[in-house]
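Throughout, read-outs are computed from the coordinates displayed, never taken from laboratory work. This is a predicted model, so every value here is computed, not measured. Glycine also receives a Cβ, built like all others from the backbone with ideal geometry; neighbour counts cover every protein chain displayed.
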């Protein structure tokens, strides 16, 4: 089945620790995105990548880092510099630049700082 | 910044009734998209309406777009318990090359009472 997979579903982080959230897609999409969702809120864009080996900051990139070494994969690292990391993280993909079509989402990773 | 704003924030109706939710936005767009999110899950794309379209149907869903008022509405007819979810509008601003700045509103929480 084609789709976008996030792992893990739940993640617990200690204060001062970096953690990496995985996002993989087999839809052959060029573009991938990371969003953060807080309770009762909409989605805020953290980072996006329109093509392999390229990525851009979104609206709330501070304290996060990404890489895009493969078309299928767009991992997000939540660093210790992110002061309030507890949130629901959503990865998405779409066909990419010069196309204006829908985004496909993973099932999300819920990150909790303990 | 939030481009789309949904109204109402929450809506409860009896099963079988129609549900209407609205979205307002601020800048010119390529298209407007509606998504559904079940609690604790990822977003699922429902329907996309392009800026040159005024109305679109998909099953029990009807979407309208008024670019002069910068607003859209989503109508769900003959609601079912399974329609209980949060509904988000997302706008693809005219400045986008692709979906890099697909901007989500804060959502309408719809509850269908059996």
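Rounded, prolate or oblate, given the Cα gyration tensor of chain B, with a/c below 1.5 counting as rounded? Prolate, since a/c reaches 1.5 and a/b exceeds b/c.
Where both bridge residues fall in chain B, DSSP classifies roughly 90% of the beta bridges as antiparallel.
The relative contact order of the range B:26-79 comes to 26 percent, based on Cα pairs under 8 Å that sit 6 or more residues apart. Springs between alpha-carbon atoms under 10 Å, Gaussian network over chain A: tell me which of A:85, A:75, A:39 tops the mean-square fluctuations. Residue with maximal mean-square fluctuation among A:85, A:75, A:39: A:39.
Remark on the range A:1-83: Rg and Dmax equal 12.9, 38 Å (Cα only).
For chain B, relative contact order (Cα pairs under 8 Å, six or more residues apart, normalised by length) works out to 39 percent. Springs between Cα atoms under 10 Å define the GNM used for chain A, and in it the highest mean-square fluctuation of A:76, A:90, A:27 occurs at A:27. GNM on chain A, alpha-carbon springs under 10 angstrom: the most fluctuating residue among A:82, A:17, A:41 is A:41. Inter-part distance, the range A:42-114 to the range B:1-63, computed on C-alpha centroids, equals 23 Å. Between residue B:66 and residue B:20, the modelled labels are 1.0 nm apart [label points 7 Å from Cα along Cα→Cβ]. For the protein assembly as shown, the alpha-carbon radius of gyration amounts to 1.01 times the rule-of-thumb value 2.2 N^0.38 Å expected for a compact globular protein.
Its relative contact order, with pairs defined as Cα atoms under 8 Å and 6+ residues apart, puts chain A at 35 percent.
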